[in-house]
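The values are calculated or read from the model by the stated rules, or taken from the named source; none is laboratory data. Quick caveat, the model's predicted, so the values are computed rather than measured. All Cβ positions, glycine included, derive from the backbone under ideal geometry; neighbour counts span all protein chains shown.
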Amino acid sequence: MNQLSRRKKIAFRVADQLQLTIVFRPVPVRYAANLLWLGLQRSPWPRPNAVDGALGERRSATGSVSPRPLFAPTLSPPAPRWRHDGLYDAAVWMADSGLPVATVTVLDTAPARAAGWVRALDELLCGLVSGSGDWVAQARIAWGGDIPCLPDLAVVGQSSYVVVSDRSLLGYAFDDPEAAMAAGRWEVARVQGREIFRRAMTAETNLDLLDAIADGQWAMARFARPGAARYDFAAPTSSEWEVFQRGAPTLSLSGYSKSGMTALYTAGRGAGGGVRPWEVWSIGRALHVGHLPSGEPLRRVRVAFADRLTARRERRPLLDVGATVEHLDERGTLRVMSVEG
């Protein structure tokens, strides 16, 4: 059992899978397939025991046939795929975007083993980045499965361990990419001039990962461009909520309009260290289910701040979950904060 679960004696889940996803720049599929195949020849990846597409048909890899990503010149090949049953599955295909995409999916996610496979995926990715020049456009290594209460952010995803991306692509997701990645508490390394962002590399369960990345993920959400963050309001388990709900509340429910089915939350001047992530998520959840935790029907939530500066700093996640953000002006009148602020 992981350290966090031992300490709190609460239930945890392991990942459904661990997955490396790579988007290549415009190259032939066979080139991307060869790059991936060469990477899988290194330890700790065992030799595949099945192959599809790469040889034109499913063949055993345990006999005299050695699976290689080779295609007949006249063949319109299916996506090459290699796997070691019960351990991993690797495939390459051409996406609708016209760019080759490769995935390596690890199925061996048991505690005390998952972190080792995260490192192995990281080494595989670094080998591809360093050995293929600038052909890797972007990549992610992610925990496969539901991690509730976390925003899903463009480019970096929701539950990623490792991200490879250039600044221009991050600029699509965030107003200030450098500040966003710093807020997310990523460790940054350079391989062949490319930036590789890492975090929570030893997290093996949903509780480990939630504990390690929740604050950073929500801090990044403040820098997200409009429409670059998605939120899932599926109810967390009691164990997940215990990990996520930390810090004293900064908002207070100060009014409710029955006719308008509208709740008004207010925050004090400065709002301390910011509105808690669990408060923002709870507002989104209440709007999603259509009622407050106390049962009153709900169509709208207003969140009012004492000053414009604080409202501007806090507005993005609140707007993204469906709330209206307001602030007091110099005359003491509440003004609605626009998307652009």
* **Sole residue being modelled with pLDDT under 60 and either surrounded by 14 or more Cβ atoms within 10 Å (Cβ to Cβ) or of a type outside the set (A, V, I, L, M, F, W, C) (or both), chosen from T105, T62, T109** => T62
* Which condition breaks for H291 when tested against (1) buried (at least 19 other Cβ atoms within 10 Å of the Cβ); (2) closer than 23 Å to Q245 by Cβ? -> (1)
* **From A120, A91, A110, A102, residue being within 26 Å of A228 (Cβ to Cβ) and either small (G, A, S) or touching a Cys at 6+ places or on another chain (Cβ under 6 Å) (or both)** => A102
* Options G284, G322, G268, G332; residue that is without any contact (Cβ under 8 Å) to a residue 24 or more places away in the chain and farther than 20 Å from A179 by Cβ -> G332
* To do: Please verify whether the range 93-101 includes one or more residues that are closer than 15 Å to A15 by Cα and not in a strand (DSSP E or B).
  => no
* To do: Taking only the range 314-341 into account, find how many residues are over 18 Å from W278 (Cβ atoms) and out of contact with any strand residue (DSSP E or B) (no Cβ under 7 Å at 6 or more places or on another chain).
  => 8
* Among the candidates R140, R167, R190, which residue alone is farther than 19 Å from A228 by Cα, among the basic types (K, R) and not assigned by TED's automatic domain parsing to the domain that holds R313? -> R190
* Structure fact -> Residue count, the range 294-329, condition surrounded by 21 or more Cβ atoms within 10 Å (Cβ to Cβ) and at positive phi, comes to 0
* Structure fact -> Considering residues that are polar (S, T, N, Q) and in contact with a Phe, Trp or Tyr (Cβ under 8 Å, 6 or more places away or on another chain), the number found within the range 84-130 is 2
* Taking the range 145-181 as the region of interest, how many residues are small (G, A, S) and within 10 Å of the chain's Cα centre (by Cα)? -> 4
* **Cβ pairs under 6 Å, 6+ apart, first in the range 69-98 and more than 21 Å from D16 (Cβ to Cβ) and crowded, with 19+ Cβ neighbours inside 10 Å, second modelled with pLDDT of 85 or more and small (G, A, S)** => P69/A33; P80/A33; V92/A32; V92/A33; V92/A102
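Every residue, every condition in (1) outside the structural domain of V275 (by TED's automatic domain parsing); (2) within 18 Å of the chain's Cα centre (by Cα), yes or no:
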position	(1), (2)
T205	yes, yes
A212	yes, yes
W241	yes, no
L251	no, no
G255	no, no
* Taking G332 and the conditions (1) surrounded by 20 or more Cβ atoms within 10 Å (Cβ to Cβ); (2) at pLDDT below 90, which numbered condition does it fall short on, given that it satisfies the others? -> (1)
